[in-house]
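Working notes for the structure below.
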Amino acid sequence: MTIPELTPGQRAAALDKAAAARDRRARAKVELKRGTLTVSALLEAAQSDEALAKMRVLDLLRSLPRVGAVGARALAQEVGIAASRRVRGLGPRQRAELVRRFG
């Protein structure tokens, strides 16, 4: 499969869209760290927000208060979440377990 050639306008639009998605995910991580956004609210918002749906679950877990990189990996392994899993790819049991643990 070859990469399609983009016009300069299309390339600029794609770059703007990617920057907006990164900004949205960064704001969500800050809100999680501050406690103004809950895991359940993020999971619900991710159903309609493409940027949040593409967030890696380990990034979400690391953004929680008192959860570091090691704790996030251990928790993901305990719940059965692969390191490469994104929020969109979580199953119902995995979602329920995260909500149970972090509200």
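Each value in this text was obtained by applying a stated rule to the coordinates, not by laboratory testing. Please read these numbers as outputs of a predicted model, since none were measured by experiment. FYI the Cβ positions are ideal-geometry reconstructions off the backbone, even for glycines, and counts take in every protein chain you see.
Only one of Ala45, Ala13 is surrounded by 12 or more Cβ atoms within 10 Å (Cβ to Cβ), more than 20 Å from Pro92 (Cα to Cα) and of a type outside the set (Asp, Glu); which? Steps first, please.
On the way: Ala45 fails: more than 20 Å from Pro92 (Cα to Cα).
None of the other options fit; the residue is Ala13.
Arg56 is checked against (1) more than 16 Å from Arg88 (Cβ to Cβ); (2) without any contact (Cβ under 8 Å) to a residue 40 or more places away in the chain and fails just one. What number does that condition carry?
Going through the list (1) more than 16 Å from Arg88 (Cβ to Cβ); (2) without any contact (Cβ under 8 Å) to a residue 40 or more places away in the chain, Arg56 breaks only (1).
Any residue that is farther than 18 Å from Phe102 by Cβ and touching a strand residue (DSSP E or B) at 6+ places or on another chain (Cβ under 8 Å) - is there at least one of those in region 21-38? Steps first, answer last, please.
Applying the first criterion (farther than 18 Å from Phe102 by Cβ) to region 21-38 yields 21-24, 26-27.
Checking which are touching a strand residue (DSSP E or B) at 6+ places or on another chain (Cβ under 8 Å) leaves us with none.
Scanning region 21-38, I find no residue that is farther than 18 Å from Phe102 by Cβ and touching a strand residue (DSSP E or B) at 6+ places or on another chain (Cβ under 8 Å), so the answer is no.
I'm trying to understand the selection: among the residues of region 15-56, which are among the polar types (S, T, N, Q) and not in a loop (DSSP other than H, G, I, E, B)? Full working, then the answer.
Restricting attention to region 15-56, the residues satisfying the condition of being among the polar types (S, T, N, Q) are 36, 38, 40, 47-48.
Once the filter is applied, which keeps residues that are among the polar types (S, T, N, Q) and not in a loop (DSSP other than H, G, I, E, B), region 15-56 yields only Ser40.
What is the residue count in region 54-76 for residues that are closer than 16 Å to Leu32 by Cα, among the basic types (Lys, Arg) and more than 12 Å from the chain's Cα centre (by Cα)?
Final tally of qualifying residues: 1.
Please tell me if Arg86 is within 11 Å of the chain's Cα centre (by Cα), closer than 19 Å to Asp23 by Cβ and not hydrophobic (A, V, I, L, M, F, W, C). Show your work before the answer.
Details: within 11 Å of the chain's Cα centre (by Cα): yes; closer than 19 Å to Asp23 by Cβ: yes; not hydrophobic (A, V, I, L, M, F, W, C): yes.
Here the answer is yes, as Arg86 does meet what is asked.
Looking at region 76-98, which of the residues that are without any contact (Cβ under 8 Å) to a residue 24 or more places away in the chain and in a loop (DSSP other than H, G, I, E, B) is farthest from Leu58 (Cα to Cα)?
Gly91
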